[in-house]
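Down below is the structure, laid out as structure tokens.
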Amino acid sequence: MENEEENNDEIIINEVEEENSDSGVEISDDVVAVIAGVAVSDVQGVAGMAKGFAGGITEALSGKKNLAKGIKVEVAGKETKIDVNIIVEYGSRIPDVAFEIQSRVKKSVKEMTGLEVVSVNVHVQGVQTPQEKNAKAEEKIAKVEEKTENQTEE
């Protein structure tokens, strides 16, 4: 009889440990969005993220790149749904880019958070042409040169 009681105690303890192993840990939508953003930024053929109005203001005010820009996340319990808004590079095969984004986002989010990714919806908001890419590069060079001139004057 004593052995049976001890076994029951052990079972109860194990059940409690299993119940508490993940409880108390909540993962913010913003955290999942940043993880997804990093995964998307590594995909070849993605020219950038399509920024929403709020994301653009945040980036402008902080001066930092917002890794969650263009990503909408819904976490419900142990599942999540992710929407990714991208701009593709001209000449990239869109279905291949979208499939790669879905694969990388699912893998990264699952590995880092343990959440089950129910869906990754990729929305192509635009195409960046070579002319636009060159114009942006020239704009960045001009900004760097301007900063360098301002620093040497001080």
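The values are calculated or read from the model by the stated rules, or taken from the named source; none is laboratory data. Since the model is a prediction, treat every value here as computed from it, not as a measurement. Note that we place each Cβ from the backbone using ideal geometry, even for glycine, and neighbour counts take in every protein chain shown.
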- Please verify whether the range 90-113 includes one or more residues that are within 30 Å of K147 (Cβ to Cβ), of a type outside the set (S, T, N, Q) and either in contact with a helix residue (DSSP H, G or I) (Cβ under 9 Å, 6 or more places away or on another chain) or at pLDDT 95 or above (or both). yes
- Qualifying residue in the range 120-133 (condition: hydroxyl-bearing (S, T, Y) and modelled with pLDDT under 95): yes
- Message: Looking only at the range 97-128, how many residues end up being charged (D, E, K, R) and surrounded by 13 or more Cβ atoms within 10 Å (Cβ to Cβ)?
- Response: 4
